[in-house]
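Okay, structure first, notes after.
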């Protein structure tokens, strides 16, 4: 019996997650139909994707980009072109869509991810910020609507696979002692700590094993990405942050492990290719070809693991502190990190000062309980302004 056709909305279609998703989708035209694509401002790439996949709807982040896309598609195109974050959220909740791939980077993806969860969709979550900033809201919305949340971060998808029948997102964790996330250690794992002030943008963006965008690559270099993933795992799987561990694993072949109370340790392995977790989530509970080569353990020979160095990676501890403090603090953490990383990428901040901007911002914010998206976004915007002001003080 063939699987029913899934109608997909791919949010962030021109980014790395979107590219990987579409690569998997085109291998299985009998299973998937691309109904909607969204993008930020890359109209040339978006036009090419629209020609190839012929979605019913294409949404750009702003009106100018939407008009440019319309011109690129031509008057004969049957694709409805829309603009703005509100339209992206409406597409994510549309009756014309079964599955939503939440691949928009940063806080910009919050509203659409929450809309998809509230509408009861099958939501493939790649957007860390949806759970870091508004995880409690997303989980509650999914529980109320009956939505299925499936992680496509390689680490969280690995946890999901290792949990098997014992648990998973929104399921029981009985018998689980700890969830273990792995980290490559980034490009500066062995670089002397006292030289990190001299790190260049190109050096920070040169990830040793994964091909990623610039912001995520910097987060990997500071290990803030792993801090965000600790928060994400705790909220997605409903587990204390103290039971989410981190191991540095330079080969990036073991993506996650689950430690059970009987002493068992299960691991999920694979080549560092985002198509594997995406294919798993798209087809779950089935398995489909992802176009990824098999991992040859005999050729590999050995796997290395080590504990993360807190002096080298202070952002990891900042993320744990924020998780303990609650949603307001994790929202502020994410905002301050985005401001600091943007400044570093613009050559306005030294690499080793990123953690300082975040720490000072967290110390300047109130940690009131926030229970709706508008309050969380307003709090995050305040944190952005605080971080920007602290950055200006650095310069003065």
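Centre-to-centre separation between the Cα atoms of segment 207-261 and those of segment 118-138: 17 Å.
Overall form of the chain: rounded. Here a/c, set by the Cα gyration tensor axes a ≥ b ≥ c, is under 1.5. Short-range pairs are left out: with C-alpha atoms under 8 Å and at least six residues apart, the relative contact order of the chain is 14 percent. When the Gaussian network model of the chain links Cα atoms closer than 10 Å, the mean-square fluctuations of 330, 361, 195 top out at 195.
Label separation (residue 63 vs residue 367): 4.3 nm, computed from points 7 Å beyond Cα along the C-beta direction. Mean separation of Cα pairs under 8 Å and 6 or more residues apart, divided by the residue count, gives segment 326-396 a relative contact order of 47 percent.
In this simple spin-label model, placing a label point 7 Å from the Cα along the Cα-to-Cβ direction at both residue 251 and residue 306 gives a separation of 1.6 nm. Taking 147, 126, 311 in turn, the Gaussian network model of the chain (Cα-Cα springs below 10 Å) assigns the largest fluctuation to 311.
The sum of -39500 (n - 2.57) across all DSSP H runs of n ≥ 4, divided by the residue count of the chain, sets its helix-only mean residue ellipticity at 222 nm to -14000 deg cm²/dmol. Each 10 Å bin, from zero up to the one with the longest distance, holds this percent of the alpha carbon pairs of segment 6-151: 13, 46, 33, 8, 0. Listed peptides 48-60, 215-227 appear in the order 215-227, 48-60 once ranked by packing, highest mean of other Cβ atoms within 10 Å at the front. Note on segment 175-197 and segment 293-317: Cα centroid distance 8 Å, given to the nearest whole angstrom.
Bear in mind these aren't lab numbers, they're just calculated from the coordinates by the rules spelled out. Just so we're clear, the structure is a prediction, and the values are computed from it rather than from any experiment. Glycine gets a Cβ as well: all are built from the backbone with ideal geometry, and neighbour counts include every protein chain shown.
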